[in-house]
Amino acid sequence: MPCSHLIDLNDLPVSEWSHIIDLAIKIKEHPGVYAHACEGKILATLFYEPSTRTQMSFQTAMLRLGGKIIGFDNPQNSSVSKGENLTDTIRIVSGYADVLAMRHPLEGAAKAAALYAGCPVINAGDGGHLHPTQTLTDLTTLQSEKGRLDHLTIGLCGDLKYGRTVHSLIKALSQYPGNQFVLISTKSLRLPQYIKDWMDRYGCTYKEVFRLEDAMPELDVLYMTRIQQERFDSPEEYQKQKNVYVLDTAKLFDAKQDLVVLHPLPRVDEITPAVDHDPRAMYFKQAVYGVYARMALILLLLEGREQPPLLSHRHGDVKCQNPKCITNHEPYLEHSFQELGDMAVCEYCDERQLL
Ligand code: NCD
């Protein structure tokens, strides 16, 4: 059953993703047809973490649909600074708006918000966990610029540990036949095990390599990422990791002519400005596709779909061991886990622990 929130793209069937992507492409071609589709509706953007593209593309999306926007981009200017908890804020704002887009530094925060919201909640990034609307952006870009979402060799380079865009994108692309992944990172920024297990579950092959140059010739898509400085436990560790991967024009020499280079942006120094002139660099176009993908998503969610239960309410007496999980910061939240063999998987942040 399709759901009215978007917490994790994989909560929706792939047919719904295709619907959103096709609609996004249609809106891009005929924006005038949709210019009044959300008249009288309000989008609230609640951004507890910095953002340029995601927040502004949500706002642009709603304005281009004829709707209106409210929200904050600095929680210190809201009642959060007075100590208001997440769910009180969500209860209040969902009484003012028809749809909420929320970004939060803690993992599982969007799911927690959805439990208390009176309107659809869109996860605009929850800590290092997931970023489903960036994935819709990436899929729309690939469908338009590459012409397909299957039988691709996708290289993901940089911060695969904390990069929420990477986690969401791999979970999505592993649902299409014939995709394989090349994971390019240092040892300490490798992809979390639960995403590797996800690829195994759907029969996707992947390999882990250290050198970007070694991977380049076989790639159809190269997804560069920023090292997520704000998620490191120590500044020293960040210093060791930054500048390890820099895509420059020389490295593109061995790449396929029809390679597509993506980056969710912002870039720091992992792609040199000279690469921007290469026709394979698609990241600025990608940011524009993000507006159309979000327009399509808002339209879908405002249709008012039925919402399956968000939690299974199992093992509520067990505490999640992830210090960055929302349940360890908002104490009124009920813990809830799915069982996976002898493990319990937190239904907010996907952290695993032995039962
Ligand atoms: C990404 C994010 O916030 O996760 N940016 C974005 O939404 N376009 C990537 C990043 O911050 O590096």
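The values are calculated or read from the model by the stated rules, or taken from the named source; none is laboratory data. What you see is a predicted model, and the numbers here were worked out from it, not measured in a lab. Counting neighbours? That spans all protein chains shown, and the Cβs are built from the backbone with ideal geometry, glycine included. For accessibility, only protein heavy atoms count, side chains too; no ligands or nucleic acids. Shrake-Rupley method; radii C 1.70, N 1.55, O 1.52, S 1.80 Å.
The residues of the stretch 312-355 expose, per residue, 56 Å² of accessible area to a 1.4 Å probe. Heavy-atom surface analysis with a 1.4 Å probe gives the chain a carbon and sulfur content of 51 percent of its accessible area. Residue-wise HN-Hα couplings along the stretch 173-187, as the Karplus relation 6.51 cos²θ - 1.76 cosθ + 1.60 with θ = phi - 60° gives them from phi, are 5, 6, 8, 9, x, x, 7, 10, 10, 10, 9, 10, 7, 6, 4 Hz; Gly and Pro carry x.
Note that the stretch 285-290 has calculated 3J(HN,Hα) couplings of 4, 4, 5, 6, 4, x Hz, one per residue in order, obtained from phi through the Karplus relation 6.51 cos²θ - 1.76 cosθ + 1.60 (θ = phi - 60°); glycine and proline are x.
The slack in the chain from Gln321 to Glu208, taken as 0.36 nm per residue of separation less the alpha-carbon distance, amounts to 38.0 nm.
Residue-normalised convex hull volume from the C-alpha trace of the stretch 232-355: 214 Å³ per residue. When the Cα gyration tensor is reduced to axis lengths a ≥ b ≥ c, the ratio a/c is 1.5 or higher for the stretch 159-220, and with a/b not above b/c it is classed as oblate. Of the cross-linked pairs Lys207/Lys285; Lys82/Lys319; Lys207/Lys324; Lys68/Lys196; Lys196/Lys242; Lys28/Lys196, those separated by over 31 Å at the C-alpha level are Lys68/Lys196; Lys28/Lys196.
Applying both filters, DSSP loop and at most 13 other Cβ atoms within 10 Å, to the GluC sites (Glu not before Pro) of the stretch 314-355 gives Glu334. Taking amide hydrogens as placed 1.01 Å from N in the peptide plane, the amide H of Ile70 sits under 5 Å from those of Leu43, Ala44, Thr45, each at least 5 positions away in sequence or on another chain.
Classify the stretch 132-288: rounded, prolate or oblate, from the alpha-carbon gyration tensor (a ≥ b ≥ c, eigenvalue square roots; a/c under 1.5 rounded; otherwise prolate if a/b is larger than b/c)? It is rounded, given that a/c, with a ≥ b ≥ c, falls under 1.5. The stretch 161-231 to the stretch 1-74: how many Å between their Cα centroids? When both Cα centres are located, 26 Å separates them.
Tell me the mean residue ellipticity at 222 nm calculated for the chain from its helices only (DSSP H runs of n ≥ 4, each -39500 (n - 2.57), averaged over every residue, nearest 500).
Only helices count here, giving -9500 deg cm²/dmol.
Here is the size of the chain from its Cα atoms: Rg then Dmax, 19.7, 56 Å.
The amide H of His131, built 1.01 Å from its N in the peptide plane, has Ser168 as neighbours under 5 Å, considering only residues 5 or more places off or on other chains. Annotation for the stretch 276-355: chymotrypsin sites (Phe, Trp or Tyr not before Pro) lying in DSSP loop with at most 14 further Cβ atoms inside 10 Å of their Cβ are Tyr332.
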